[in-house]
Amino acid sequence: MDVSSPHPPVSLERSRMALVDDLARRVSLSRATTLLHEALLELQRTRGPFPLGPMIPELEQQLAEERGHVATLEQALARLGGDSARGYTGSHVESTLASSIVSVAVDSRVDIPAVLRALLMAELVTQEGFEPACALAKFAGENDLVGSLQEALNCHARHISEVRSWVTASQTHELSRTR
């Protein structure tokens, strides 16, 4: 045993199992984020564009990127012998969180600013999960996956910046209407 490390060695198999578990959680949250993008697009199309908010092409671009993340995660999960439909250790937390966030989007009483806030929360939570997933993939020797996860992490950072600006604009717009 290497005495220089404070942690006991972890087998490659155990690290792959942990990676499969984590990827299943990423899929759950990425699907929720995708559903929020779809709901926001539908609101934009049915209620008209929101002043100072996202334009349909911007939302469509983010939606395409989110769908790509889901596909990448599902392919990696399948390649590693996992199944996104199976319940994994800890995945109930992400599933509960995802269903709560998505419930905002399907509530007919909810307006575009509320969906934008829910989308920002989903993007933040999703991004926070990609960094540990990158570390797990690296530890498990899944170097190609590390690159894909890092791309998703960078993409979510951009999404957060964009969505945050939309939320700020919606709040500013709302304040100016109440004066």
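Quick one: count up the residues across the stretch 133-150 that are within 30 Å of Ile56 (Cα to Cα) and crowded, with 16+ Cβ neighbours inside 10 Å.
3
Which members of the stretch 33-65 meet the condition of being of a type in the set (Val, Ile, Thr), farther than 15 Å from Ala114 by Cα and crowded, with 19+ Cβ neighbours inside 10 Å?
The one that is of a type in the set (Val, Ile, Thr), farther than 15 Å from Ala114 by Cα and crowded, with 19+ Cβ neighbours inside 10 Å: Thr34.
Do we find a residue being modelled with pLDDT under 85, within 21 Å of Ser15 (Cα to Cα) and not in a helix (DSSP H, G or I) anywhere in the stretch 100-115?
No: zero hits.
I need every pair where a residue in the stretch 127-150 that is in contact (Cβ under 8 Å) with a residue 24 or more places away in the chain has its Cβ under 6 Å from the Cβ of a residue that is among the polar types (S, T, N, Q), sequence separation at least 6 or different chains.
Pairs found: Phe139/Ser15; Ala140/Ser15; Ser148/Thr72.
Within the stretch 43-75, track down each residue that is of a type in the set (Gly, Ala, Ser) and touching a Ser or Thr at 6+ places or on another chain (Cβ under 7 Å).
Matches in the stretch 43-75: Gly53 only.
Taking the stretch 66-78, which residues are under 14 Å from Thr126 (Cβ atoms), among the aliphatic types (A, V, I, L, M) and surrounded by fewer than 22 Cβ atoms within 10 Å (Cβ to Cβ)?
Answer for the stretch 66-78, where residues must be under 14 Å from Thr126 (Cβ atoms), among the aliphatic types (A, V, I, L, M) and surrounded by fewer than 22 Cβ atoms within 10 Å (Cβ to Cβ): just Val70.
Restricting attention to the stretch 23-82, and to residues there that are at pLDDT 90 or above and charged (D, E, K, R), which single residue is nearest to the chain's Cα centre (by Cα)?
That would be Glu66.
What are the pairs, 6+ residues apart or on separate chains, where a residue within the stretch 17-40 that is over 20 Å from Lys138 (Cβ atoms) and without any contact (Cβ under 8 Å) to a residue 40 or more places away in the chain has its Cβ under 9 Å from a residue that is of a type in the set (Lys, Arg) and surrounded by fewer than 24 Cβ atoms within 10 Å (Cβ to Cβ)?
Sorted first by the residue in the stretch 17-40, then by its partner, the pairs are Thr34/Arg67.
The values are calculated or read from the model by the stated rules, or taken from the named source; none is laboratory data. Nothing here was measured: the structure is a model prediction, and the numbers come from that model. Cβ sites come from the backbone with ideal geometry, for glycine too, and all protein chains shown count toward neighbours.
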